[in-house]
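The values are calculated or read from the model by the stated rules, or taken from the named source; none is laboratory data. All values derive from a computational prediction rather than experimental measurement. Cβ placement follows ideal geometry from the backbone for every residue including glycine, while neighbour counts extend to all protein chains displayed. Keep in mind that these areas ignore ligands, DNA and RNA; they rest on the heavy atoms of the full protein, side chains included. Shrake-Rupley method; radii C 1.70, N 1.55, O 1.52, S 1.80 Å.
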Amino acid sequence: MLDAALNARDEHGRQWADARWGCYAFYDYDGEPIYVGQTNERLRVRVRRHLTNQRTDAVAMRILDVFEVAELELWPLWEFEDVGGKRHPDYAAAQQRLNAVEYTAYLKSIRESRFKAILNEKIPPVSPTVDLPASGRFPLISDATRRERGHPDIRIARRAETISRLAAVAHERGEVSDGLRRVLVIQGVRLAYIAAVRLAYAEGRPTPDPSAIDVTGLVGSVLFEHEDIPGLFDAHG
């Protein structure tokens, strides 16, 4: 299904994933956005690295569990197909546009998330919001796989394992980024919520409201990196 998604064509006959420049998002079994990224090395190359156990920072550091990825969305920037390396005269403009599309897609994902937070270790650079280009969204798992892997107890166990591995990475690394610690909290929130939903179901109670967990209260703003806003916290240390 990944091959089908990467080979799908738009209304102009172009394969969505063939775009050199573009952004992408991953969604879990509930349609919850979990990760947003950008690339200028072709969408298919970057997405395949994420989802086929080839090294990417997000996978290598256990931030993104490919087991949980059920859908893919692509935003290609076709207007920059001829823009190659940094010496190209339009490279700076292309990168600026790419950053703006990524940040807009990131904000869209935050709005659509039940927790108002996703699993990016590094929040995209704050950029002006723009109208997103046309996108393609594709399923990556079959109905049979969804039934097999989608059982709440399986997902709870898998998510707990992901948190354990992420915590081990934090323990083993000499220097841990604030973003990795933020992702650890957000993964903990995701685990707590799915476990609470399972408990409510077992007890015959209504599904808990995600707003019962205040993610912003736990991790602060997820709209920018704290170090990107100099002096923001000086008054309070």
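Would you confirm whether or not the stretch 94-110 contains a residue that is assigned to a loop (DSSP other than H, G, I, E, B), in contact with a Ser or Thr (Cβ under 7 Å, 6 or more places away or on another chain) and either under 20 Å from Pro139 (Cα atoms) or hydroxyl-bearing (Ser, Thr, Tyr) (or both)? Checked the stretch 94-110: no residue is assigned to a loop (DSSP other than H, G, I, E, B), in contact with a Ser or Thr (Cβ under 7 Å, 6 or more places away or on another chain) and either under 20 Å from Pro139 (Cα atoms) or hydroxyl-bearing (Ser, Thr, Tyr) (or both).
Residue by residue, here is whether (1) at pLDDT below 95; (2) out of contact with any His (no Cβ under 7 Å at 6 or more places or on another chain); (3) open to solvent by 80 Å² or more (accessible area, probe 1.4 Å); (4) over 26 Å from Tyr106 (Cα atoms) holds:
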site: Arg181; (1), (2), (3), (4): yes, yes, yes, no
site: Val185; (1), (2), (3), (4): no, yes, no, no
site: Arg190; (1), (2), (3), (4): no, yes, no, no
site: Gly204; (1), (2), (3), (4): no, yes, no, yes
site: Asp209; (1), (2), (3), (4): no, yes, yes, no
site: His226; (1), (2), (3), (4): yes, yes, no, no
site: Ile229; (1), (2), (3), (4): yes, yes, no, no
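Report whether or not Glu121 is crowded, with 16+ Cβ neighbours inside 10 Å, among the acidic types (Asp, Glu) and either touching a residue at least 40 places away in the same chain (Cβ under 8 Å) or in contact with a strand residue (DSSP E or B) (Cβ under 6 Å, 6 or more places away or on another chain) (or both). So Glu121 fits the description; yes.
Give Arg62, Arg137, Arg114 a once-over and let me know the one that is modelled with pLDDT under 95 and either open to solvent by 40 Å² or more (accessible area, probe 1.4 Å) or in contact with a strand residue (DSSP E or B) (Cβ under 6 Å, 6 or more places away or on another chain) (or both). Testing whether each residue is modelled with pLDDT under 95 and either open to solvent by 40 Å² or more (accessible area, probe 1.4 Å) or in contact with a strand residue (DSSP E or B) (Cβ under 6 Å, 6 or more places away or on another chain) (or both) leaves just Arg62. A residue that is open to solvent by 60 Å² or more (accessible area, probe 1.4 Å), farther than 20 Å from Ala94 by Cα and either in contact with a Ser or Thr (Cβ under 6 Å, 6 or more places away or on another chain) or of a type in the set (Gly, Ala, Ser) (or both) occurs somewhere in the stretch 3-18.
Taking the stretch 72-82 as the range and being surrounded by fewer than 20 Cβ atoms within 10 Å (Cβ to Cβ) and more than 11 Å from Pro133 (Cβ to Cβ) as the test, the residues that pass are Glu81, Asp82. Among the residues of the stretch 83-107, those identified as more than 17 Å from Cys23 (Cα to Cα) and loosely packed, with under 13 Cβ neighbours inside 10 Å are Gly85, Lys86, Arg87, Pro89.
Looking only at the stretch 165-215, which residues are farther than 30 Å from Glu227 by Cβ, in contact (Cβ under 8 Å) with a residue 12 or more places away in the chain and in contact with a helix residue (DSSP H, G or I) (Cβ under 6 Å, 6 or more places away or on another chain)? Ile194, Ala195, Arg198, Pro208, listed by residue number. Filtering the stretch 4-26 to residues that are among the small types (Gly, Ala, Ser) and in a helix (DSSP H, G or I) leaves Ala4, Ala5, Ala17. Exactly one residue among Phe115, Phe67 is among the aromatic types (Phe, Trp, Tyr), under 15 Å from the mean Cα position of the chain (by Cα) and part of a helix (DSSP H, G or I), and that residue is Phe67.
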